[in-house]
Amino acid sequence: MSECDSSSCRSRRWRKAADAAVATVKRELLERGRRAGRKVVSVRPAYTSMTCSRCFARAEQCSGLEERVFRCWACGHTACRDRNAARVVLAVAERGHTGVDDVSQADHLPPGGGAVAV
C-alpha cells in the first residue's frame, strides 16, 4: 500500500479541496462586492453561533447541530440559531471588528440603552 492510499492522505486531500473551495467563494464574494461598490468585511466565524445577538453574552458550551434554536442564558433572547449567528456577524462587521472577541457588550449597545436592530 502506498503512502497516498492511507485514510490520512485522503483526508488531507479532501481538506485541501475544501480549503480551495472556500478560498474561491471568498474571492468571488470580494469581487462581486467590489463591482457593486460595497465594502466587504471578513469576520472570523469563531463563537458566532455561541454569542447572543442582543446582549453579546457567550454561551458556556456550544449546542449540537441538532439544536436549531438559540436561547441566551443572560437575557432570555430566543431566535433561529443561524439567524442569530448572522446578526452577530453583521454587528461585528458594522463595528469595524474582525471577530466576536473584539466586541464587548458595551460596544454592542447604543448610548442611552435601548434595542439594537441588526
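Observations on the structure shown:
- Residue tally, condition more than 16 Å from Gly99 (Cα to Cα) and surrounded by 13 or more Cβ atoms within 10 Å (Cβ to Cβ), over segment 38-51: 0
- Residues (under 24 Å from Val40 (Cβ atoms) and aliphatic (A, V, I, L, M)) located in segment 61-93: Ala85, Ala86, Val88, Val89, Leu90, Ala91, Val92, Ala93
- Cβ-Cβ distances below 7 Å connect the following pairs, each with a first residue in segment 52-66 that is open to solvent by 50 Å² or more (accessible area, probe 1.4 Å), a second residue that is of a type in the set (Phe, Trp, Tyr) and in a loop (DSSP other than H, G, I, E, B), and a separation of six or more residues or different chains: Arg58/Tyr47.
- Residue that is farthest from Lys39 (Cα to Cα), among those in segment 85-104 that are surrounded by 15 or more Cβ atoms within 10 Å (Cβ to Cβ) and either of a type in the set (Asp, Glu) or touching a His at 6+ places or on another chain (Cβ under 8 Å) (or both): Val103
- Residues that are part of a helix (DSSP H, G or I) and open to solvent by 20 Å² or more (accessible area, probe 1.4 Å), drawn from segment 67-84: Arg81, Asp82, Arg83
- Residue in segment 28-37 that is part of a loop (DSSP other than H, G, I, E, B), closer than 24 Å to Thr98 by Cα and without any contact (Cβ under 8 Å) to a residue 60 or more places away in the chain present: yes
- Val41 meets each of the listed conditions (1) of a type in the set (A, V, I, L, M, F, W, C); (2) without any contact (Cβ under 8 Å) to a residue 40 or more places away in the chain; (3) assigned to a loop (DSSP other than H, G, I, E, B) apart from (2).
The values are calculated or read from the model by the stated rules, or taken from the named source; none is laboratory data. Please read these numbers as outputs of a predicted model, since none were measured by experiment. Glycine gets a Cβ as well: all are built from the backbone with ideal geometry, and neighbour counts include every protein chain shown. Ligands, DNA and RNA are stripped out before the accessible areas are found, and what is left, the full protein with its side chains, is counted by its heavy atoms. Shrake-Rupley method; radii C 1.70, N 1.55, O 1.52, S 1.80 Å.
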